[in-house]
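Asks: Before we start, here is the structure in question, set down as structure tokens.
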Amino acid sequence: MPQRVLVVDDETSIVELVAYNLRREGFEVMTENDGQQGLKRALADKPDLVVLDVMLPGLSGLDVCRSIRHESDIPVIMLTARKDELDRILGLELGADDYVTKPFSPRELVARVKAILRRTKRPADKDTTETEAVVEHHGLKIAFDKREVVLDDSPLQLTFTEFELLAILARNPGRAFTRDDLLVKVWGQDFFGDARTVDVHIRHLREKLREDPQSPRFIETVRGVGYRFKEL
């Protein structure tokens, strides 16, 4: 069964270009031209991935991304104008998995779609001798096979990316990972983004874990390197 991608953009030429290239690679493509209809389609049809323009009539792409994240962990790739760095950062803050700047190469966009869908289909990284299906640490319980996280008896709603980051760090307590390490392990070798993507998702993860920045229980910053999960 082909994987389904929803493309939401008000520029007909871009929708047609993206849809053509995705269909040529075997994807089933749905399209919408405004934010409100795009959001309805995403929540009703539950595609495998959404390609979402920032500038949309009716409801902005940022608002659509925010609403999708409240309801689902569907991967989202934002399309932004090259000059609008703020939109790219806001998109990541709201839970987007990746962004592509306009004008873009259709080949690059298809590569990013494939990379994200590959990682959403594989289990959390297991580059470790740790084999337990569950890790418990200071009130945090991670069930890797079920992809469930509970903190102080309260279930946490993590996005796919947030869970992947937590799983990699928690399976390797005490090991410092650079941002580039995490980019490769979570986003894949062919990811085109930068290290700030890791920082944004780590910040979201820490907020959900209710971390004290001065004395974190779980995820520590290793100055000049990256991040690590505190020793059990």
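Asks: For Ala195 and Arg217 in one chain, what is 0.36 nm times their gap in residues minus the Cα-Cα distance, to one decimal in nm?
Replies: 5.6 nm
Asks: Given only helices, namely DSSP H runs of n ≥ 4 each adding -39500 (n - 2.57), what is the per-residue ellipticity at 222 nm of the chain, to the nearest 500 deg cm²/dmol? Write out the running numbers ahead of the final one.
Replies: Details: 8 runs with 88 residues, N = 232.
Rounded to the nearest 500, it is -11500 deg cm²/dmol.
Asks: Arrange the following residues from fewest to most other Cβ atoms within 10 Å of their Cβ: Lys230, Lys46.
Replies: Values: Lys230 15, Lys46 12.
By the 10 Å Cβ count, ascending: Lys46, Lys230.
Asks: Quick one: which residues, 5 or more positions from Val100 or on another chain, have an amide H under 5 Å from its amide H? H modelled 1.01 Å from N in the peptide plane, none for Pro or chain starts.
Replies: Placed amide hydrogens put Met78, Leu79, Thr80 under 5 Å from Val100.
Asks: Something else now. In the structure shown, do any of Lys46/Lys230; Lys114/Lys208; Lys102/Lys141; Lys40/Lys102 have a Cα-Cα gap over 32 Å, and if so which?
Replies: From the list (Lys46/Lys230; Lys114/Lys208; Lys102/Lys141; Lys40/Lys102), the Cα-Cα distance tops 32 Å for Lys46/Lys230; Lys102/Lys141.
Asks: For Cα pairs less than 8 Å apart in space and 6+ apart in sequence, what is the mean separation divided by the residue count of region 134-229, i.e. the relative contact order in percent? Display every interim value, and only then the final one.
Replies: On the way: 103 pairs, mean separation 26.2, N = 96.
About 27 percent, as a whole number.
Asks: Of the beta bridges DSSP finds with both residues in the chain, what % are antiparallel, to the nearest 5?
Replies: 50 percent
Asks: Let me ask something else. With charges only on Cβ, +1 for K and R and -1 for D and E, what is the dipole size of region 134-229 about its Cα centre, in debye, rounded to 20? Working shown, then result.
Replies: On the way: 15 positive and 16 negative charges, 32 e Å.
The calculation lands at about 160 debye.
Asks: I've got another one for you. Dividing the Cα radius of gyration by the Kirkwood radius, what Rg/Rh value follows for region 137-232? Write down the numbers at each step before the final one.
Replies: Working: Rg = 12.7 Å, Rh = 13.6 Å.
So for region 137-232, dividing Rg by the Kirkwood Rh gives 0.94.
Asks: Relative contact order for the chain: what percent, with Cα pairs under 8 Å and sequence separation of 6 or more?
Replies: 14 percent
Asks: Here's a follow-up. Starting from the Kirkwood Rh over alpha-carbon pairs, what translational D in µm² s⁻¹ does the chain have by Stokes-Einstein at 37 °C and 0.692 mPa s?
Replies: On the way: Rh = 18.3 Å.
Rounded to a whole number, D works out at 179 µm²/s.
FYI, it's all coordinate maths here, none of it is from the lab. Everything quoted here is computed from the prediction, not taken from an experiment. With ideal geometry, Cβ positions are generated from the backbone for all residues, glycine too; neighbour counts draw on all protein chains shown.
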